[in-house]
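So the structure is just underneath, and the comments pick up after that.
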Amino acid sequence: MRRRGFLAAGLVGLGAVAAPAAAGLRTSLGGGALRVGDTVDEHNPEVVSEKYFLTRLNALTGGKLTGHVYPNGVLGSHDRMNEQLRNGTLEVAKSSMANLEVYDRRLGIFALPYAFTDRTSLYAAQDGELGKRLGAILERKGLRLLGWFDSGERNIYNTKRPLHEPGDIRGLKIRVQSNQIMIDTFNTLGAQATPVETNQIYSALQQGVVDAAENSLTFYVQQHHNEVAKYYSYTRHFYSVDPLLVSDQWFRSQSASHQDAILRAGHEAQQHERELWVRSDAEYLKTAQGSGSHVNEADTEAFRRAVAGVYTRHKATFGSLLQLTDWR
């Protein structure tokens, strides 16, 4: 059974109402409530924090800016919503950095393995020069950054055995996103990187199409993957980063005071989401262990050394941005 108690409780008191059905949505900017799109369900910390964003925006503008959150892909995929933001037919959406690389390959920097040693370092980079430079790239593409959402520390889970060192993953077929750096990373480790759509991971693990997948503990439990893959190993190879974006076209149409409120609400939502995600992972660790999952620490330094070649092959893409990561 999906554990919802913690996240559902986070919805209480946030003051934003879930959106009605998508039928009849307007297709161009104009009057009415602004829309916030996402692909995950309403219990996810990101959606909870998007509702918090709207609550704060409403308060900061004295009720003049209101809106609804549309979760579960009601407004389309990340790719579709990104384009809607760029052409001004959607106001706000959460995206994935993996889906933004199509606009500029440098936006894929968070896909580099072990680019950051811990959350403190990651947050400092996002809130500092790296975040500023990536935000400028996004803005040139018609996308304005409101905040960096933490989508979790990615670890490997599988149906075969605990993973302690790089050699343990050799030969495993592992589901990955359709991202060349991620594919390269796992192939470098001796695994067989296999792109699979998110909604097909459960059946792929269950039927042996893949032996493993990788994601946050929250995702692992929310998607019930702990039912079919009982070994969860803390490899900490990537941090998932999901930016909350606003249409630059819509943003520029707002008054200066409303622009300030939008940016402030975005920053507050970022801080809110980061705190929620850490609490969520802690809660889901208990759930995973209670369901019989075997959770172990892996030798992350050994894994880091094993994927050093990935940086050599991709460093030209990122140039001076690499100096703003922890990779040395």
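No lab work stands behind these numbers, since they all come straight from the coordinates. Remember, it's a predicted structure, so these values are computed and weren't measured experimentally. No Cβ is skipped: glycine too gets one built from the backbone with ideal geometry, and neighbour counts run over all protein chains shown.
The table for this structure:
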| quantity | calculated |
| --- | --- |
| Between region 72-131 and region 249-328, the Cα center-to-center distance that results, in Å | 10 |
| Tensor-based shape of region 245-328 (alpha-carbon gyration tensor, a/c under 1.5 rounded, otherwise prolate or oblate) | oblate |
| Residues whose placed amide H lies under 5 Å from that of residue 172, excluding near-sequence neighbours | 192 |
| Cleavage-rule hits (chymotrypsin sites (Phe, Trp or Tyr not before Pro)) in region 78-143: DSSP loop, at most 11 neighbouring Cβ within 10 angstrom | none |
| Percent antiparallel among DSSP beta bridges (both partners in the chain, rounded to 5) | 55 |
| Pairs beyond 28 Å (Cα-Cα), from 51/315; 94/173; 51/173; 51/132 | 51/315; 94/173; 51/173 |
| Mean residue ellipticity (222 nm) of the chain, computed from DSSP H runs ≥ 4 via -39,500 (n - 2.57), nearest 500 | -12500 deg cm²/dmol |
| Nonlocal amide H pairs with residue 70, under 5 Å, H built at 1.01 Å | 36, 37, 38 |
| Sequence ranges 228-234, 154-160, 304-310, 290-296, ranked by mean other-Cβ count within 10 angstrom, highest first | 154-160, 228-234, 304-310, 290-296 |
| Relative contact order [Cα under 8 Å, 6+ residues apart], the chain, whole percent | 25 |
